[in-house]
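Here is the structure we will look at.
The values are calculated or read from the model by the stated rules, or taken from the named source; none is laboratory data. Keep in mind that this is a model prediction, so the values were computed, not measured. For neighbour counting, all protein chains shown are included, and Cβ atoms are generated from backbone atoms with ideal geometry for every residue, glycine included. Side chains included, ligands, DNA and RNA excluded: accessible areas come from the protein's heavy atoms. Shrake-Rupley method; radii C 1.70, N 1.55, O 1.52, S 1.80 Å.
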Amino acid sequence: DLASRGLAAGTVQRVLATLRSAMAHAVRMGLLDTSPTTGVRVPHSVARPIHTWTPDEAATFLDHLGDDGVGVLFRLALVTGMRRGEVLGLRWTHVSLTGGFLFVQVSRIAVGGLVIEGPPKSRAGTRTVFLDPQTVTALRHLKASQESNGHPSDGLLFTDTGGQPLSPWWVSRQFQRVIAMAGLPRIRFHDLRHTSATLGLASGESLKEVSSRLGHSDIGITANVYADVLPETARASAARRAGLMRGIRVVRGEVA
């Protein structure tokens, strides 16, 4: 029934896993003789196509961002690959501007019609993410602006003008507005994460580094999700290796 409503196979699998756990507990407690989930067929997971921007499109997006909180939020999501909830859960106590890094410890996600704050998606989601100098500068300006307006030093990074947390739905709508104004191909907010990963791999970032930065619980997840990107990255790596080897001389069977 869930699959027929159009829910992704992965979502259906997680729902079934939760039901199986609950029903198994009921059997152990003597509330049920058998679990009604026994024999339920699980739909096969089919990978959804990944939509990302090219380096030029990503650069165009950054050029269209303002220096306000929303602009910094979008920049942070693109360059780090953090999830929307992870970005919205950031507090200034999680950020080291002098060290150029931040801690992902909290996620603010939409569940039904509510926004719930909790730990990241997995244990690996609690992580340290290093920042580029331009993003650190943008965060410095944002912090200075907030402090001048009486924003608490331990408060959330991204709030509305009244200091209230931003709605995840509002953030996604603003994202669509910005990319329409920039004339960019339409993608989901979550595809900023995919774009960050693919550009990282293309730039020479290792699979392990990308996996750690994204907070994947297993490097295999990263490899499976970005399998189509890896051959192109491997070819580029092969070309770089060959470039390094040009001019290496072999003397008496040994590399000189």
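For this structure, a couple of remarks:
Conditions tested, residue by residue: (1) small (Gly, Ala, Ser); (2) in contact with a strand residue (DSSP E or B) (Cβ under 9 Å, 6 or more places away or on another chain); (3) surrounded by 12 or more Cβ atoms within 10 Å (Cβ to Cβ).
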{"site": "Ala138", "(1), (2), (3)": "yes, no, yes"}
{"site": "Asp154", "(1), (2), (3)": "no, yes, no"}
{"site": "Thr159", "(1), (2), (3)": "no, yes, yes"}
{"site": "Gln174", "(1), (2), (3)": "no, no, yes"}
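- Where strands (runs of 3 or more DSSP E) fall wholly inside segment 38-128, the ranges with 1 or more residues that are modelled with pLDDT under 90 and either in contact with a Cys (Cβ under 8 Å, 6 or more places away or on another chain) or surrounded by 14 or more Cβ atoms within 10 Å (Cβ to Cβ) (or both) are 107-111, 114-118.
- Close pairs (8 angstrom Cβ cut-off, 6 or more residues apart or separate chains): open to solvent by less than 70 Å² (accessible area, probe 1.4 Å) in segment 216-234, among the aliphatic types (A, V, I, L, M) and modelled with pLDDT under 85 anywhere: Ala223/Leu230; Val225/Ala47; Val225/Ile50; Tyr226/Ile50
- When the test is whether a residue is acidic (Asp, Glu), in contact with a helix residue (DSSP H, G or I) (Cβ under 7 Å, 6 or more places away or on another chain) and in a loop (DSSP other than H, G, I, E, B), Asp33 does not pass it.
- Filter result for Arg14 (of a type in the set (Lys, Arg) and either surrounded by 14 or more Cβ atoms within 10 Å (Cβ to Cβ) or modelled with pLDDT of 85 or more (or both)): no
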